[in-house]
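In what follows, a single structure is set out as structure tokens and then discussed.
Only the coordinates and a few stated rules stand behind these numbers; no lab work does. Every value quoted in this text rests on a predicted model; they were computed, and no experiment measured them. Glycine gets a Cβ as well: all are built from the backbone with ideal geometry, and neighbour counts include every protein chain shown.
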Amino acid sequence: MDKRVIGYFEENGKAEEALRELKQKGFNEISILGSEEGGQSGSKDRDSSFAGDLTGGTMTGGAVGGLAGLAAGAGLLFIPGIGPLLALGPLAAGLGGAVTGGVAGALVDYGIPRDRSDFYEAKIREGNTIMVLKTDEGKTDEVAKILRAHGAKDVRVH
């Protein structure tokens, strides 16, 4: 049975490190949500490679500052109450309705309980980066350990 592992990062550089390790270990269903203005670390070049890593390296735009440049499979949306939001990975598709339902609604649709979805939406408003992975139940401990090793906070399995 598939599970979701979710956590947030206060620094984009730490999220990038976690992303690289997860991809190296074969995890592919990785979604990242972050304020376009968020992220306290990482140059524009580094942020662009962050988006490229997640989407297989196909860039469709230059660096946008904050989290990353636009990439294939990514969306930059304006969400009321949050502002510009960069969404990468499978969850990006579910954010089309987030304009009216908010990020929390998209997270609920993706399998995160409402109270935790509200919590993570608040973390995005604060400028943090959320990472969500869909994986087999037997691999959740490994994913959670990797996220925590790179500084993810409030890592949960749902």
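Obtain the nm distance between the two label points defined at LYS23 and ALA149 by a simple spin-label model: each point lies 7 Å from its Cα along the Cα-to-C-beta direction. Distance between label points: 1.8 nm. In order along region 20-25, phi translates into HN-Hα couplings of 4, 5, 4, 5, 4, 8 Hz, rounded to whole numbers, per the Karplus curve 6.51 cos²θ - 1.76 cosθ + 1.60 with θ = phi - 60° and x for Gly and Pro.
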